[in-house]
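See below for the structure under consideration.
The values are calculated or read from the model by the stated rules, or taken from the named source; none is laboratory data. This structure is a prediction, so every number in the text was calculated from the model and none was measured. Positions of Cβ are backbone-derived with ideal geometry, glycine not excepted, and every protein chain shown enters the neighbour counts. These accessible areas exclude ligands, DNA and RNA; they are computed on the full protein's heavy atoms, side chains included. Shrake-Rupley method; radii C 1.70, N 1.55, O 1.52, S 1.80 Å.
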Amino acid sequence: MLTRLRSRIGQVIFFSVILLPLLSGACRKVAIRPAIDENLELRNWPQFGLTPERTNFTATRVAPPLKNVWIYKTSSAVSPTMLAVNGALIFTTLDGRFEILDIATGERRGRGKCEGQYEAAAAYRRGFLFFASRYGQETLVKYDLLSGKPLWKIDAGDIASEPLIAGDAVYVAALYHRIEKYDFESGERIWSFKSEDQHRSSPALKDDVLVAGCDNGVIYALNAQTGKLTWKVETGASVVATPVISAGKVFVGSNDSTFYALQLADGAAAWTFLAQTPIFQSAASDGRNVLFGASDGQFYCLDAETGRERWRFRAGSAIGTAPLIADDLVYFGSLDRRYYCLDLESGALLWSFETRGRVRTAPIIWENYILGASEDRFVYAFAPADSLAGLAL
């Protein structure tokens, strides 16, 4: 109870004196200070996949039945990734804007336009927000959220993937046949690797091995310090899903309808699983299980070590998001306009919610909230009804 009370006090302080009102439409007019309670940082969802390994796994458990506590309408469809930072929900929209909401209330605390007003993906770390834009002259931008001003802007090529922040670096995989590493502080490019095709798969990182898929069907693994090729594996079609690194393996699906488990050290095949239809979305893994969805609506749970199918669940349409493993539960969204929650052990359906549009935004978790969006411009927050009374001050 004391930890929960401190968390709520931290949120109140954060929103009452730290999120400043927006004075114009530019990103640089938003100012956010770091949280006073450092424990809040540990509960953040700062980038796609949560960790540099992109595992989409958290030990935090938010269990159904869930109540839809608020709905917020945006200016356009929400991008596939949302961020939860110190009690604030941050997301970009497909019309080149971003918004900041109070997670507890759904009230807007700030909004602005991304650089060049182009669609962008975002990531957060240590009080800084990074935008990677699909188009434009300055496609990678670092913002100081304390001052609300950009610190550097870089032409990193058109980026149709998620930026990766790890250690003192920012990694991007771009459409112009490049995987690159930039210095977190200065924005200086540290190295650039030329690939054979464009990238829509985002990089994942573990033990200085950086892994990303490519439209030519190749999975590249680079030395994160030097940018040199460590290994590569060819699949039968484009790899647009982002790899997940867990239990010493790289897990990723391909448009050739095959899900691959590769050894992180050398790319050797540990096992493969045929899903019958293309796999566009990223997976999730807790080290014991690996879960992913396919374009025919089948959602799979496999044994991470052997690739043996443990169970499958059929949604009403193609799986539209990466899964979220929350302790012994798994959440995901589908183009059938629903978010689902399944029991991780059995695959039994525990809860579902029908949104107002197709779901392409991955669910994330912050404290007692599950957060998501549908492409008809609505953002949703869910929470167990019995948890809300305990959070009241």
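A few points about this structure:
- Residues within segment 349-390 that are basic (Lys, Arg) and closer than 20 Å to residue 283 by Cα, tallied: 2
- Hey, residue 281 under 18 Å from residue 360 (Cα atoms), touching a Lys or Arg at 6+ places or on another chain (Cβ under 6 Å) and open to solvent by 10 Å² or more (accessible area, probe 1.4 Å) or not: no
- Check on residue 71, farther than 24 Å from residue 335 by Cβ and out of contact with any Cys (no Cβ under 7 Å at 6 or more places or on another chain): no
- Flag if residue 154 is closer than 23 Å to residue 81 by Cβ and either open to solvent by less than 10 Å² (accessible area, probe 1.4 Å) or among the hydroxyl-bearing types (Ser, Thr, Tyr) (or both): no
- Screening 287, 316 for residues that are on the phi > 0 side of the Ramachandran plot and either in a loop (DSSP other than H, G, I, E, B) or open to solvent by 30 Å² or more (accessible area, probe 1.4 Å) (or both) leaves exactly one candidate, 287.
- Comparison of 220, 143, 135, 171 shows that the only residue that is farther than 17 Å from residue 53 by Cα and either without any contact (Cβ under 8 Å) to a residue 12 or more places away in the chain or buried (at least 20 other Cβ atoms within 10 Å of the Cβ) (or both) is 143.
- Within segment 181-200, residues that are polar (S, T, N, Q) sit with their Cβ atoms under 6 Å from residues that are in a strand (DSSP E or B), at 6+ positions apart or across chains, in these pairs: 192/178; 192/180.
- Residues in segment 96-118 that are modelled with pLDDT of 90 or more and among the acidic types (Asp, Glu): 99, 102, 107.
- Residue identified as over 14 Å from residue 204 (Cα atoms) and in contact with a Ser or Thr (Cβ under 8 Å, 6 or more places away or on another chain) among 273, 251: 273
- If you check 245, 179, 159 for being farther than 28 Å from residue 271 by Cα and crowded, with 22+ Cβ neighbours inside 10 Å, only one passes: 159.
- Candidates 382, 299, filtered to the one that is more than 16 Å from the chain's Cα centre (by Cα) and either within 18 Å of residue 44 (Cα to Cα) or modelled with pLDDT under 95 (or both): 382
- Residue within segment 319-328 that is of a type in the set (Val, Ile, Thr), part of a loop (DSSP other than H, G, I, E, B) and more than 27 Å from residue 230 (Cα to Cα) present: yes
- Filtering segment 263-273 to residues that are assigned to a strand (DSSP E or B) and either free of Cβ contacts under 8 Å to residues at least 12 places away in the same chain or under 25 Å from the mean Cα position of the chain (by Cα) (or both) leaves 263, 272, 273.
- Number of residues in segment 140-168 that are among the hydrophobic types (A, V, I, L, M, F, W, C) and farther than 29 Å from residue 235 by Cα: the value is 7.
- Yes/no for residue 80 being within 25 Å of residue 205 (Cβ to Cβ) and open to solvent by 20 Å² or more (accessible area, probe 1.4 Å): yes
- Residue tally, condition among the β-branched types (Val, Ile, Thr) and under 20 Å from the mean Cα position of the chain (by Cα), over segment 179-223: 4
- Residue within segment 344-358 that is closer than 25 Å to residue 258 by Cβ, touching a residue at least 24 places away in the same chain (Cβ under 8 Å) and either open to solvent by less than 30 Å² (accessible area, probe 1.4 Å) or assigned to a loop (DSSP other than H, G, I, E, B) (or both) present: yes
- Of the strands (runs of 3 or more DSSP E) lying entirely inside segment 48-144, those containing at least 2 residues that are small (Gly, Ala, Ser) and closer than 26 Å to residue 284 by Cβ span 78-85, 120-125.
- Scan of segment 79-110 for residues that are out of contact with any helix residue (DSSP H, G or I) (no Cβ under 7 Å at 6 or more places or on another chain) and among the charged types (D, E, K, R), ordered by number: 95, 97, 99, 107, 108
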